[in-house]
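Novice: Questions regarding the structure given below will be posed in turn.
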Ligand SMILES: [Zn+2]
Ligand SMILES: [Zn+2]
């Protein structure tokens, strides 16, 4: 800003003006130059100047010091608003504020600080990794707080100055004249977009954005027993919040690859095996693959195709700490397609011994047969 103008000249009043005259003149000028009303070049600056002048001249002590020492009395170039809003205590709008915003408002509002965005990644897991848990690395591009300015956006991380238009509240109040009288409306400050601060000297690292894009490798601990319905939350690992707000979360989804032998249904692992007719008829003890390695399973004599056996505790661990699931082994009796001459001999003997009697299986009538019955064909 150029050379400071005389506060009386700014408010267009005489040096002998009464407090009431100063107040009246300020109200008139504030309405004319309010940046939400007046879009002319320089109106903004003028409005700030008016507020600064009024801040001093409306306070009898400060006015007396100003009369004696001029601008030097006004706090050595410090904050012209004395830390408050331009409509702070003693504002001529105070009574209107009290009516429309409640007495507790006091014309101040903390600018809202936004939380950072949540992010989502999908991690591919092998069947075993999902069962036993794993430590996986995910590559992630995210916005992080600028390390040079610590998200302050101002050069060298200095505290950005309070927005002069709204005095740091992030909103401006506008007086509207209606036939019912004066109305106060509030809207986000256009100068600072509601942030309450102005970046006058932007940080060169983030170009005044406060955040920078970074490629990160993040270690994700996959708990044993996870399935595709689960989403892991990594608190605070999302994007940094703008203006130093709380970072968002990182949500991790998993995609589990299929296994060549096993299938999974919640905590149960399924395996299909084939046994030959002799094993089915006579019983056997066979090796079975489980997720923990090979175990032995007793097949009883007379096992039928489709029969299932349960291996307790050979399933998937409970992600929440309960018991491990089981493995279910489904047996198929495989009839040989080709026989050696010796096997053919043996089957012939077997055939003679078993005879050619056909067992009657209970028949389940199909839809078509029921239809035929119904229409009497
Ligand atoms: Zn920066
Ligand atoms: Zn502002």
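The values are calculated or read from the model by the stated rules, or taken from the named source; none is laboratory data. All values derive from a computational prediction rather than experimental measurement. Here the Cβ is made from the backbone with ideal geometry for all residues, glycine too, and neighbour counts use every protein chain on show.
Novice: Would you pick out the residues in the stretch 7-51 that are more than 23 Å from residue 182 (Cβ to Cβ) and either in a helix (DSSP H, G or I) or in contact (Cβ under 8 Å) with a residue 60 or more places away in the chain (or both)?
Specialist: Across the stretch 7-51, the qualifying residues are 7, 8, 9, 45.
Novice: Could I ask something else about it? Please work out if residue 214 is assigned to a loop (DSSP other than H, G, I, E, B) and touching a residue at least 24 places away in the same chain (Cβ under 8 Å).
Specialist: Values: assigned to a loop (DSSP other than H, G, I, E, B): no; touching a residue at least 24 places away in the same chain (Cβ under 8 Å): yes.
It is false that residue 214 is assigned to a loop (DSSP other than H, G, I, E, B) and touching a residue at least 24 places away in the same chain (Cβ under 8 Å).
Novice: Right, residue 168: within 14 Å of ligand 2 (Cβ to nearest atom), assigned to a loop (DSSP other than H, G, I, E, B), under 31 Å from the mean Cα position of the chain (by Cα) and farther than 18 Å from residue 37 by Cβ or not? Spell out how you get there, then give the answer.
Specialist: Working: within 14 Å of ligand 2 (Cβ to nearest atom): yes; assigned to a loop (DSSP other than H, G, I, E, B): yes; under 31 Å from the mean Cα position of the chain (by Cα): yes; farther than 18 Å from residue 37 by Cβ: yes.
For residue 168, the condition - within 14 Å of ligand 2 (Cβ to nearest atom), assigned to a loop (DSSP other than H, G, I, E, B), under 31 Å from the mean Cα position of the chain (by Cα) and farther than 18 Å from residue 37 by Cβ - is met.
Novice: I've got another one for you. So, in the stretch 280-292, how many residues would count as being under 57 Å from the mean Cα position of the chain (by Cα) and either surrounded by 13 or more Cβ atoms within 10 Å (Cβ to Cβ) or within 14 Å of residue 305 (Cα to Cα) (or both)?
Specialist: Taking the stretch 280-292 first, the residues under 57 Å from the mean Cα position of the chain (by Cα) are 280, 284-292.
So of that shortlist, the ones also either surrounded by 13 or more Cβ atoms within 10 Å (Cβ to Cβ) or within 14 Å of residue 305 (Cα to Cα) (or both) come out as 280, 284, 286, 288-292.
Qualifying residue count, the stretch 280-292: 8.
Novice: Scan the stretch 191-204 residue by residue and report those that are surrounded by 15 or more Cβ atoms within 10 Å (Cβ to Cβ) and in a loop (DSSP other than H, G, I, E, B).
Specialist: Let us first name the residues in the stretch 191-204 that are surrounded by 15 or more Cβ atoms within 10 Å (Cβ to Cβ), namely 191-192, 194-199, 202-203.
If the condition is that a residue be surrounded by 15 or more Cβ atoms within 10 Å (Cβ to Cβ) and in a loop (DSSP other than H, G, I, E, B), then 191, 192, 194, 195, 196, 198, 199, 203 are the ones that fit.
Novice: Evaluate the stretch 229-240: report whether one residue or more is within 27 Å of residue 120 (Cβ to Cβ) and within 16 Å of ligand 1 (Cβ to nearest atom).
Specialist: yes
Novice: Between 318, 323, which is within 21 Å of residue 227 (Cα to Cα), at pLDDT below 95 and surrounded by 15 or more Cβ atoms within 10 Å (Cβ to Cβ)? Before the answer, list the steps.
Specialist: Details: 323 fails: surrounded by 15 or more Cβ atoms within 10 Å (Cβ to Cβ).
Within the list 318, 323, the selection yields 318.
Novice: Within the stretch 205-219, can you find the residues that are within 16 Å of ligand 1 (Cβ to nearest atom) and exposed (fewer than 12 other Cβ atoms within 10 Å of the Cβ)? Full working, then the answer.
Specialist: Narrowing the stretch 205-219 to residues within 16 Å of ligand 1 (Cβ to nearest atom): 205-214.
If the condition is that a residue be within 16 Å of ligand 1 (Cβ to nearest atom) and exposed (fewer than 12 other Cβ atoms within 10 Å of the Cβ), then 213 is the only one that fits.
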